[in-house]
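Notes to accompany the following structure.
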Amino acid sequence: MGMSAATSGLESKVNLERTLNVPYKILRQLSTTAGILVCVILAVIVSLLLPQRAAVPLLFIGVVFLVAYMFGSVAGMLGALASALVFAYFSSPVGSFRMANASARSNLEWLLLVGIPASYLLVPDKDGFLISRRR
């Protein structure tokens, strides 16, 4: 009897749906939105700190994969797309989505070609680590 009470207490602490009394659908939408915002904010920061670095989108694949793992595969896929738009906007010429540097354009393509499928295929839990129902 003591064991089941301890287990249910631990389960309620871990399950955000029960703890916050928020429906699963809304929790998943909030998680996806938070993941996309993390990608966009980090992409803006990196673009401003490292201007004219063509390899930045390639290195950002790791960030996209981490976002997909934490916030879910949809957040990773949309985060890759949103961060690619941010990198294109801050690339030369700044303020335009046209990219003059062929190397930077190629790296941006790799971000999309690797980031989107990796977010879907390599993440073990499609809901993300934060709202997983497996716990």
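The values are calculated or read from the model by the stated rules, or taken from the named source; none is laboratory data. Here the structure is a predicted model, which is why all the values come from computation and not from measurement. Please note: Cβ atoms are built from the backbone with ideal geometry, for glycine as well, and neighbour counts cover all protein chains shown.
I'm trying to understand the selection: among the residues of segment 91-131, which are in a loop (DSSP other than H, G, I, E, B) and of a type in the set (A, V, I, L, M, F, W, C)?
Keep residues of segment 91-131 that are in a loop (DSSP other than H, G, I, E, B), which gives 91-101, 122-131.
Across segment 91-131, the qualifying residues are Val94, Phe97, Met99, Ala100, Leu122, Val123, Phe129, Leu130, Ile131.
Any idea which of (1) over 17 Å from Gly115 (Cβ atoms); (2) modelled with pLDDT of 90 or more is the one Val22 doesn't satisfy?
In the conditions (1) over 17 Å from Gly115 (Cβ atoms); (2) modelled with pLDDT of 90 or more, Val22 misses (2) alone.
Among residues belonging to segment 94-117 that are small (Gly, Ala, Ser) and within 14 Å of Ser83 (Cα to Cα), point out the one that is modelled with the highest pLDDT.
So in segment 94-117, the residues small (Gly, Ala, Ser) come out as 95-96, 100, 102-104, 106, 115.
This time we only want the ones that are within 14 Å of Ser83 (Cα to Cα), so: 104, 115.
Details: Ala104: 82, Gly115: 92.
Here the answer is Gly115.
Only one of Ala68, Ala75, Ala88 is of a type outside the set (Val, Ile, Thr), within 17 Å of Cys39 (Cβ to Cβ), assigned to a helix (DSSP H, G or I) and in contact (Cβ under 8 Å) with a residue 60 or more places away in the chain; which?
Values: Ala75 fails: in contact (Cβ under 8 Å) with a residue 60 or more places away in the chain; Ala88 fails: in contact (Cβ under 8 Å) with a residue 60 or more places away in the chain.
Answer to the check: Ala68.
Name the residue, out of Ala54, Ala80, that is touching a helix residue (DSSP H, G or I) at 6+ places or on another chain (Cβ under 6 Å) and in a loop (DSSP other than H, G, I, E, B). Show your work before the answer.
Details: Ala80 fails: in a loop (DSSP other than H, G, I, E, B).
Only one candidate qualifies: Ala54.
Within the bounds of segment 81-103, is there any residue that is within 22 Å of Pro124 (Cβ to Cβ), crowded, with 20+ Cβ neighbours inside 10 Å and under 10 Å from the mean Cα position of the chain (by Cα)?
For segment 81-103, residues within 22 Å of Pro124 (Cβ to Cβ), crowded, with 20+ Cβ neighbours inside 10 Å and under 10 Å from the mean Cα position of the chain (by Cα): absent.
Restricting the search to segment 34-51, which residues are in a helix (DSSP H, G or I), surrounded by 12 or more Cβ atoms within 10 Å (Cβ to Cβ) and touching a residue at least 12 places away in the same chain (Cβ under 8 Å)?
Pass one, segment 34-51, residues in a helix (DSSP H, G or I): 34-49.
Imposing the further condition that a residue be surrounded by 12 or more Cβ atoms within 10 Å (Cβ to Cβ) reduces the set to 34-44, 46-47.
Within segment 34-51, Ala34, Gly35, Ile36, Val38, Cys39, Val40, Leu42, Ala43, Val44, Val46, Ser47 meet the criteria.
Would you be able to say whether some residue in segment 73-91 is touching a Lys or Arg at 6+ places or on another chain (Cβ under 9 Å), modelled with pLDDT of 90 or more and small (Gly, Ala, Ser)? Explain how you work it out, then say what you get.
Restricting attention to segment 73-91, the residues satisfying the condition of being touching a Lys or Arg at 6+ places or on another chain (Cβ under 9 Å) are 73-74, 88, 91.
Filter again for modelled with pLDDT of 90 or more, leaving 73-74.
Keeping just the survivors that are small (Gly, Ala, Ser) gives 73.
Yes: one or more hits.
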